[in-house]
Amino acid sequence: MEEKRKSSFGSKVLKAVLIFVLIIVVAAAALIIWQRDNIISAYKGITLSSEDIASEIADSKSVSEEALSQYETPVLRDFTLEEEEMIRKGELTVEEAMTRILNEEDGESSSTQTETGSNEDTEVSGDTEGSNSSGSVSGSDSSKVDENTLVGNAVKKMYSLKAYYIGRLGSLEAEMKSEYMALSADQRSKSAISSILASHMGEVNALQAEADSSVAAVLSDLSAQLSSIGADTSIVSTLQTQYQNEKNLRKSYYVSTYLN
């Protein structure tokens, strides 16, 4: 009887341990799935050089520019990595950066929507300045003009948001650098950098969430507006994919720059 009781107790303990281990495994798996992009970005940043990652960023930009080449928009190109680094370091303002990538006739108006990174609604009227049309248009030509205008406005907002948040990230980086430089010479090390980064991860994550939300709002508006005129909405998923891809590559680039 005593042995049966011990056996039953041992079985219960074993079950409890197995359940506990299962919970840990499930939680770890969920964490890996949830943080999959960050884990991949970190791994790539540790294992690749910043030059290799910069090359991948350039390739990603080319994909975006190719997808947008079918539209007539006031945006000539994406920022180069060098320009983005200038924005991050405070050497180039959002307005100055936007002027570089816009058609000359659209450059002056860009400053009204670049500094705040806001998601104000895209307005499309009969006057489509910045497009390559003039006079009256009808039928499919009119739809194409509207499509070009909608995509052009959305892309301007996305690049403006990119510059804005790169600048915000640069300001946060400058703050972390100041903390590092305040350390004594013998305290300055890669582990110190990691510690400072860890202490600011909450701010970094909040900034990323804000940027994600801003971009999602722009793309959601674009999708609805394109659908309302019966236009192809595939550009929306392309822009979303490229935004996510380049965001992850930039994380890798920062990791590689500071830890390698």
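Simple spin-label estimate for Ala182 and Ile229 gives 5.2 nm between the two label positions (7 Å along the Cα-to-Cβ direction from each Cα). Pairs with C-alpha atoms separated by more than 29 Å, drawn from the list Lys61/Lys190; Lys190/Lys251; Lys89/Lys190, are Lys61/Lys190. Residues whose amide H comes within less than 5 Å of that of Leu102, counting only those at least five positions distant or on another chain, are Leu76 (H built at 1.01 Å from N in the peptide plane).
Shape class for the stretch 137-260: prolate, because the ratio a/c of the largest to smallest gyration tensor axis (alpha-carbon atoms, square roots of eigenvalues) is 1.5 or more and a/b beats b/c.
How large, in percent, is the carbon and sulfur part of the accessible surface of the stretch 169-260 at a probe radius of 1.4 Å?
58 percent
Karplus-derived 3J(HN,Hα) values for the stretch 213-220, using 6.51 cos²θ - 1.76 cosθ + 1.60 with θ = phi - 60°, are 5, 5, 5, 4, 5, 4, 5, 5 Hz; glycine and proline are entered as x. Our coupling estimate for the stretch 90-97, obtained by passing each phi through the Karplus curve with A = 6.51, B = -1.76, C = 1.60 and θ = phi - 60°, is x, 8, 9, 7, 4, 4, 5, 5 Hz, Gly and Pro reported as x. Of the residues Met98, Met158, Met86, the one with the largest accessible area comes first in the ranking Met86, Met158, Met98, computed with a 1.4 Å probe on protein heavy atoms.
The values are calculated or read from the model by the stated rules, or taken from the named source; none is laboratory data. All values reported here derive from a predicted model rather than from experimental measurement. For neighbour counting, all protein chains shown are included, and Cβ atoms are generated from backbone atoms with ideal geometry for every residue, glycine included. Accessible surface is based on the protein model in full, side chains and every heavy atom, while ligands, DNA and RNA are left aside. Shrake-Rupley method; radii C 1.70, N 1.55, O 1.52, S 1.80 Å.
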